[in-house]
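Report on the following structure.
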Amino acid sequence: MPGLVIVGTQWGDEGKGKVVDLLAEQADVVIRFQGGNNAGHTIVRDGETFKLHLIPSGILYPGKICAIGNGVVVDPAVLTDEIEGLRQRGVDVSGLRLSANAHLIMPYHVLLDRAGELKLGKLEIGTTRRGIGPAYADKAARLGIRVQDLLDEKILRKKILAAMDSKMQALKELEVERKKRKQKGDDEEWDARLDLHSIVEAYMRYGHRLEPHIADTAKLCWEALDRDATVLFEGAQATMLDLDHGTYPFVTSSNPVAGAACVGAGVGPRDIDEIWGIAKAYATRVGAGPFPTELDDDLGEGLRKAGGEFGTTTGRARRTGWMDAVALRYAVRLNTINALVVTKLDVLSGVDPLRICTRYRHPEGAVFDEFPYHQSIIHSAEPEYTELPGWEGDIGAARRESDLPREARNYLQALSELAGAPVRLVGVGPGRDQVVWMGEEQPHLRAAA
Ligand code: IMP
């Protein structure tokens, strides 16, 4: 399986980082293809916790080629900090590659994202405020600054000047808002008075630091694929946050679906052999937007606590709910997922009965077995559930399918049938070894030729 894509099937935070970390051991290249530092991956290795936002999880294997593809938006301040943080902990970052075509998040993107979230814009999405949306907007408007621009001061200055021109009004309004808020005693930390000269200087400095990592990352993938070596395409965010296919406008500004791996890494559809969808055993969502199976009660609070459902990037409490098989079925079809990984099954221990949403009911009576295309229906959808018995006791020591309680196996079986894809791997705790390969031994990815 030389080309393997890892995608989230829900609203993100499914535990993709841990799965990539596991599979990366046998891969030659790990490449991220979309999103930016809105993502957050937590990996627990030998009792040590690593939180990564931009660098692919495979970096913990010394010398492994870990690439940030052209489809990613990169905040160079965050990336240089992340590199430095790993170095200080003794991690070898020599395998890191950064696409020369990736777009950069600029200070004005972060400010504009904040302005949107202050309702100076019309709608509150609950973004991570990392500048993701404005950076992708500039990319589409052909006003983006790319990684390769960091290597040429004249071009960099010219492009930043052009990009800032259209934003001056919005930045002025933001500064007025800041002053108003300051007078009211609200001392938020931002400064919308941007100065071209200091931005160019700071970005040239980032350029010098990042230069050893800048590469043609598409070519790097082709070379690996052409010699039958394994390339892991690491998705961030998830299907239901996809700009085209998610719960728009409550989505991120990129395409986390599997099809985007081709565009965001620079490979063709025939380079992809397998697509693994990651699903948490229950559902979570951060930020605003519809969430049909949300549990706004003690049980929801219990899941939040048991699952440690607080954002890696923003620390926000995640909304929690039951597994939504309507959305999961949609994700399986949309991404052509051929294997599911169910994470955090241990968090459901002691919850009895368990529920899985099998279809939606509209208040006027219509029922939906498939994910409705109309956003208004999703907003008012009432979930219909099937109930299954839960199990008691800790399952964190399970390593084989037969170690799992019968009720847990039944739950996984029901999920697989409702979703239309087999469950290959199950997470039973945060540790790297706390996984169960279903039915068979751990598969061996094709070794490098
Ligand atoms: P943005 O990506 O920062 O623009 O945020 C848009 C929406 O996507 C918000 O609801 C965020 O909470 C959500 N989001 C972005 N990245 C992640 C992630 O990695 N996990 C979960 N939700 C995310």
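The values are calculated or read from the model by the stated rules, or taken from the named source; none is laboratory data. Note that this is a predicted model, so its numbers are computed, not measured. Here Cβ is always computed from backbone atoms with ideal geometry, including for glycine, and neighbour counts include all displayed protein chains. What goes into the accessible areas is simple: the full protein's heavy atoms, side chains included, and nothing from ligands, DNA or RNA. Shrake-Rupley method; radii C 1.70, N 1.55, O 1.52, S 1.80 Å.
Does Lys159 satisfy the criteria of being at pLDDT 95 or above and either assigned to a helix (DSSP H, G or I) or within 14 Å of Asn101 (Cα to Cα) (or both)? Full working, then the answer.
On the way: at pLDDT 95 or above: yes; either assigned to a helix (DSSP H, G or I) or within 14 Å of Asn101 (Cα to Cα) (or both): yes.
Yes; evaluated as a whole, the condition is true for this residue.
Just to verify a result, which residue in segment 221-266, among those that are within 15 Å of the ligand (Cβ to nearest atom), among the hydroxyl-bearing types (Ser, Thr, Tyr) and farther than 15 Å from Ile278 by Cα, is most open to solvent (accessible area, probe 1.4 Å)?
The extreme case among them is Tyr248.
May I ask you to list the residues in segment 147-180 that are of a type in the set (Val, Ile, Thr) and surrounded by fewer than 17 Cβ atoms within 10 Å (Cβ to Cβ)? Full working, then the answer.
We begin by selecting, within segment 147-180, every residue of a type in the set (Val, Ile, Thr); these are 147, 155, 160, 176.
Answer for segment 147-180, where residues must be of a type in the set (Val, Ile, Thr) and surrounded by fewer than 17 Cβ atoms within 10 Å (Cβ to Cβ): Ile155, Val176.
What single numbered condition from (1) open to solvent by less than 10 Å² (accessible area, probe 1.4 Å); (2) within 16 Å of the ligand (Cβ to nearest atom); (3) over 17 Å from Pro212 (Cβ atoms) fails to hold for Ile55?
(3)
Ala398: closer than 27 Å to Thr49 by Cβ and either open to solvent by less than 20 Å² (accessible area, probe 1.4 Å) or of a type outside the set (A, V, I, L, M, F, W, C) (or both), yes or no? Spell out the reasoning first.
Numbers: closer than 27 Å to Thr49 by Cβ: yes; either open to solvent by less than 20 Å² (accessible area, probe 1.4 Å) or of a type outside the set (A, V, I, L, M, F, W, C) (or both): yes.
Spelling it out, Ala398 is indeed closer than 27 Å to Thr49 by Cβ and either open to solvent by less than 20 Å² (accessible area, probe 1.4 Å) or of a type outside the set (A, V, I, L, M, F, W, C) (or both).
Would a scan of segment 124-146 turn up a residue that is within 16 Å of the ligand (Cβ to nearest atom), open to solvent by 50 Å² or more (accessible area, probe 1.4 Å) and at pLDDT below 90?
Yes: one or more hits.
Residue check, Ile43 against (1) of a type in the set (Val, Ile, Thr); (2) out of contact with any helix residue (DSSP H, G or I) (no Cβ under 6 Å at 6 or more places or on another chain); (3) outside any loop (DSSP other than H, G, I, E, B); (4) over 22 Å from Ala215 (Cα atoms), all met but one. Which one?
Failed condition: (2).
Quick one: in segment 317-357, which of the residues that are within 16 Å of the ligand (Cβ to nearest atom) and free of Cβ contacts under 8 Å to residues at least 40 places away in the same chain is surrounded by the fewest Cβ atoms within 10 Å (Cβ to Cβ)?
Kept after step one, since they are within 16 Å of the ligand (Cβ to nearest atom), are these residues of segment 317-357: 317-321, 324, 327, 331, 343-344.
Filter once more, keeping what is free of Cβ contacts under 8 Å to residues at least 40 places away in the same chain: 317, 319-321.
On the way: Ala317: 14, Arg319: 20, Thr320: 27, Gly321: 24.
For segment 317-357, the residue satisfying everything is Ala317.
Could you list all residues from segment 47-67 that are touching a residue at least 60 places away in the same chain (Cβ under 8 Å), more than 19 Å from Thr312 (Cα to Cα) and out of contact with any Ser or Thr (no Cβ under 8 Å at 6 or more places or on another chain)?
Scanning segment 47-67 gives a single hit, Ile65.
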